[in-house]
Each structure stands twice: as structure tokens, then as C-alpha cells.
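Note sheet for the following structure.
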Amino acid sequence: MNLEERKKTSEVIFDGKVLNVRLDTVTLPNGVDATREYVHHVGAVAVLPLTDEGDVILEKQFRYPFHEVLVEIPAGKLDSPTEDPRKAALRELREETGALAGELVYLGDYYGSPAILDERLRLYLARNLTFAEQETDEDEFLEVFRMPLDELVGEVLAGNILDGKTQVAALRVWTMLKGEYHNEA
């Protein structure tokens, strides 16, 4: 069965600094036209930094849409659609935590809300860490801390870590280290 929707027209209805909102007219598989509203995003990266001792370097950050502080792994948007995601991951890791990775392992992509958002978030595991100073953006306020990976996975499974990228990365890394996950990408 053909499930593909074909774009006929596209209109930008909001063009912001980080994202834009689009309204597309599409033809459905049955030939009927419909509209699709979605948020376009340049893309992003997220990194689970794992120390030699088995601790994950995490951040607490206030997230305005939810009006609460969330626990997350370091992450950030690409500077452009053509930026190398690996370089962006290393940059975000250094800026937000001061960590420098000797090894960066691609964990796969994550689509956070594919019905309304086209953001492709590339997930990485960083190991063999050394440390320098944080270099956060002037509008970025973070509290960096460490938590053992097993404890983080327990918090994810208990429903205490609400950030999706952090949940996915923690579970992928935990499973990978147990020898049950092999990413061939």
C-alpha cells in the first residue's frame, strides 16, 4: 500500500530564529488534497557523556514551554543544515559541560514529535573524556552534575526523566554496554 503524501504547495507562516512554521497542501494516497501544518527545524545533536567511572554528565535546565527544570543530556541545534553533526556534537558537549571526547559513537537518530516537527536529532555517546572550562551561550543557564548510568536508567524507567532524547540515549547506551545493542550505522 502506498502511504506517501505528495507536497503540492508550501507556505512559511512564521519564520523565527530557531524554527519556522509551514503550511503545506498535500495530495493523500487516495488522491484527495489535505493540509499539513508543521514546524521546520535545522536539526540538532545530543550527547550522552559517559565517564570512565560509569557516570553520565547531565544538565538541569529550565525549559520555558513546560515552565520547569528538566534533567537532560547536553544537546544543541546545528548551526546550519550542512554542519557536520559530529562536529556539532563535540562543540555542544564542550560548550555546555567543558568535556572533550576522545571517542564519539553514533547511537542513531531520534524524531521527537514526527506528526508536527521535522527535527532530526542525532544521538551520540561520548567516552574517554577530558575536561576544560564550560563555554555556554550568554542566554544559556545550566547546572551540570553527574549520575551513575544505572541510576539514570532507573530514573528513566521510574518516569522521573521526562526529556525524550535523554530517555532514548540512556536506554540505548545501557543496552549497548550490556552487549544487546549493536548500531551498524
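Taking strands (runs of 3 or more DSSP E) as the structural unit, those lying wholly within the stretch 72-149 and holding at least 1 residues that are under 12 Å from the mean Cα position of the chain (by Cα) and of a type in the set (F, W, Y) correspond to 99-110, 121-131.
A quick yes/no check of all residues on (1) buried (at least 18 other Cβ atoms within 10 Å of the Cβ); (2) β-branched (V, I, T); (3) outside the structural domain of V56 (by TED's automatic domain parsing); (4) touching a helix residue (DSSP H, G or I) at 6+ places or on another chain (Cβ under 6 Å):
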site: L93; (1), (2), (3), (4): yes, no, no, no
site: G102; (1), (2), (3), (4): no, no, no, no
site: S113; (1), (2), (3), (4): no, no, no, no
site: D118; (1), (2), (3), (4): no, no, no, no
site: A126; (1), (2), (3), (4): yes, no, no, yes
site: Q134; (1), (2), (3), (4): no, no, no, no
site: V144; (1), (2), (3), (4): no, yes, no, yes
site: N160; (1), (2), (3), (4): no, no, no, no
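Matching residues to (1) at pLDDT below 95; (2) farther than 30 Å from V153 by Cα:
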position	(1), (2)
M1	yes, yes
T9	no, yes
L28	no, yes
T35	no, yes
V39	no, yes
D52	no, no
V56	no, no
L90	no, no
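Any chance the stretch 145-168 includes a residue that's under 24 Å from G43 (Cβ atoms) and modelled with pLDDT under 95? No, there is no match, as no residue in the stretch 145-168 is under 24 Å from G43 (Cβ atoms) and modelled with pLDDT under 95.
Condition check ((1) of a type in the set (A, V, I, L, M, F, W, C); (2) surrounded by fewer than 12 Cβ atoms within 10 Å (Cβ to Cβ); (3) not in a strand (DSSP E or B)) across all residues:
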site: M1; (1), (2), (3): yes, yes, yes
site: V12; (1), (2), (3): yes, yes, no
site: K17; (1), (2), (3): no, yes, yes
site: R22; (1), (2), (3): no, no, no
site: T25; (1), (2), (3): no, no, no
site: T35; (1), (2), (3): no, yes, no
site: V47; (1), (2), (3): yes, no, no
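The values are calculated or read from the model by the stated rules, or taken from the named source; none is laboratory data. Just so we're clear, the structure is a prediction, and the values are computed from it rather than from any experiment. As a convention, Cβ positions derive from the backbone with ideal geometry for all residues, glycine included, and neighbour counts pool all protein chains shown.
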